[in-house]
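**Student:** Dropping the structure in here first, questions after.
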Amino acid sequence: MAAANPEDYAIECGPMGPIGEGQALILRVNRNCPWNQCLFCPVYKDKTFSARNVAEIKRDIDAIIRIRDLLDQTSRYMGLQGLLRAEVVQETVKRHPEIYGQYPLHVSEAQLPALTGLNNVARWLMNGATRVFLQDANALAMKPAKLAEVLLDLKGGFPSVDTVTCYARSKTCARRSLEELCALKEAGLSWCFVGIESGDDDTLEDMRKGVTKEEHIQGGETLMASGIHMAAFVMPGLAGSNIHRSRKHIADTVTVLNAIQPTEVRVRSLALLEETPLYEQWKSGAFDPAGEDQVIEELRMLVEGLSFDCTFETLQMTNPLFSIKGPFFQTKEAMLDAIEWYRALPLLQRAQFLLHRFTKEGYLDFVKAWGKDDARLYQEIEEAETSLARGADDALKKASRAIFTIKSKGVP
């Protein structure tokens, strides 16, 4: 019989989910970010880093096992022989008010984490229970032996798990020995998602990344040598509007990527989010952001400069020109063709294309869903559309301003 204590069915979750890991179970191994100084990131700025110990994490793994068993019992009670569907989750909540309350009318503060845990585990099980994401910002900050212990416990409880992913910092990877990373690979760690952002030391220092070009390379090479896959995030636009700085930012980023040859390169063009220190620098005039044309030029330099095959991905909506994921060598020519097509457009048509992309292709819909749209935003969009329709002298400026404001609201 199920225990009556909702804490036995609660799983701790952090504020930021895994990008592209919607099918993964979320397992928190530390809280927040141990660095937490990057000017462009809003996620952990009001939070303090703390490590979770192995016993805490194992309690979560035990809770996951209990939830799995509870769902299986409900499925069999319903005559579904263990098959998991949405109605099984609903019936589980209904049958166990001591754990989940009387949703949605009467749910106590203690029962809310249990409901979150139920949804987390149920979604994971319905997707095959094969992937796990380790929260929060830098799972490798945990001592390697302790993290390996957690991984082995996880695999012992869930033999179906074949992929374990996490975020990691280059500097942390550089501090880990090849032997330590190989042991983590052997214990089950499959992927590390690493925010390279830039290879240029000046840009890294300006953005307070807390890492150098050489540490990027050292950490990435060691990670790849261990057999752990690496997804490297890079950020066009991060160096701002200065053309010399922009070119060096991308040239050095290409140097870093070509040295590491990560499994995947993910492009995340800069958005100056309202909650970030970098947005405050823009307001004060201390940071002048790159325009969309410059970001596209940086993307061209990046695509032309990479000399190794990998998965190349630009699916985040901050990227102004295209959304693509595929083998780099197979998609390179198509990406360069798209960039040349854009560059051949007259200026007003470029602005029309970009405004349509950011207002009609999903970005604005996300902003609305988050409740971050406001009268000023719609006024800027309307003014840009009117100026573009008239071919007015200020059309480019107004379109750029509207796009900047849309992107400042969040990142889909």
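Read-outs: derived from the displayed coordinates by stated rules, not from any lab. Because the structure is a prediction, the values reported are computed rather than measured. Cβ placement follows ideal geometry from the backbone for every residue including glycine, while neighbour counts extend to all protein chains displayed.
**Student:** For the chain, what does -39500 (n - 2.57) per DSSP helix run (n ≥ 4), summed and divided by total residues, give at 222 nm, in deg cm²/dmol to the nearest 500? Don't skip to the answer; put the middle values down first.
**Tutor:** On the way: 17 runs with 209 residues, N = 412.
Taken over the chain, the calculation gives -16000 deg cm²/dmol.
**Student:** Pull up the cross-link candidates among the aspartates and glutamates for Lys209, meaning alpha carbon to alpha carbon under 18 Å and not fewer than 8 places away within one chain.
**Tutor:** Candidates past the 8-residue exclusion: Asp46, Asp136, Glu197, Asp200, Asp201, Asp252, Glu275, Glu280.
**Student:** What distance in nm separates the simple spin-label points at Asp337 and Asn242, each placed 7 Å from Cα in the Cβ direction?
**Tutor:** About 3.8 nm separates the two model spin labels.
**Student:** Taking the Cα centre of the chain as the origin, how large is its charge dipole in debye, to the nearest 20, when only Lys and Arg (+1) and Asp and Glu (-1) carry charge on their Cβ atoms?
**Tutor:** Working: 48 positive and 56 negative charges, 91 e Å.
Roughly 440 debye for the chain.
**Student:** Which of the listed residues, Ala251, Ser190, His216, is farthest toward the dipole's positive end in the range 169-344, when Lys, Arg count +1 and Asp, Glu count -1 at the beta-carbon?
**Tutor:** Farthest towards the positive end: Ser190.
**Student:** Could you work out the relative contact order of the chain, using alpha carbon pairs under 8 angstrom and six or more residues apart, expressed as a whole percent? Write out the running numbers ahead of the final one.
**Tutor:** Details: 714 pairs, mean separation 51.9, N = 412.
Over the chain, the number comes to 13 percent.
**Student:** Check cross-link reach from Lys58 to the lysines: straight Cα distance under 21 Å, and skip same-chain residues fewer than eight apart.
**Tutor:** Within reach: Lys143, Lys146, Lys155, Lys185.
**Student:** Considering only DSSP beta bridges with both partners in the chain, what is the antiparallel share in %, to the nearest 5? Write down the numbers at each step before the final one.
**Tutor:** Details: 6 of 31 bridges.
The antiparallel proportion sits near 20 percent.
**Student:** Here's a follow-up. Run the numbers for Arg175 and Asp288: contour at 0.36 nm per residue of separation, minus the present Cα-Cα distance, in nm.
**Tutor:** Values: separation 113, 0.36 × 113 = 40.68 nm, distance 3.41 nm.
Full extension from Arg175 to Asp288 adds 37.3 nm.
**Student:** What is the total of Lys pairs in the range 348-412 with C-alpha atoms under 15 Å apart, excluding same-chain pairs fewer than 8 positions apart? Intermediate values should be presented prior to the final figure.
**Tutor:** On the way: Lys360/Lys368; Lys360/Lys407; Lys368/Lys407; Lys368/Lys409; Lys372/Lys407; Lys372/Lys409; Lys398/Lys407.
For the range 348-412, qualifying lysine pairs total 7.
**Student:** Per 0.36 nm of contour for each residue apart, how much would the distance between Leu348 and Asp393 grow if the chain were fully extended, relative to their Cα-Cα spacing?
**Tutor:** In short, 15.2 nm is gained.
**Student:** Need one word for the range 169-344: rounded, prolate or oblate. Basis is the Cα gyration tensor (sqrt eigenvalues a ≥ b ≥ c); a/c below 1.5 gives rounded, then a/b vs b/c decides.
**Tutor:** On the way: a/c = 2.04, a/b = 1.31, b/c = 1.57.
Here the range 169-344 falls in the oblate category.
**Student:** Moving on to the next point. Hey, quick one: spin label on Lys58, modelled 7 Å out along Cα-Cβ, who in the range 119-137 has an amide N within reach, i.e. under 20 Å?
**Tutor:** From the range 119-137, the list is 134-135.
**Student:** Under 8 Å for C-alpha pairs, at least 6 residues apart: give me the relative contact order for the range 1-102, rounded to a whole percent. Please report the intermediate quantities before stating the final value.
**Tutor:** Details: 92 pairs, mean separation 27.6, N = 102.
Relative CO of the range 1-102 lands at 27 percent.
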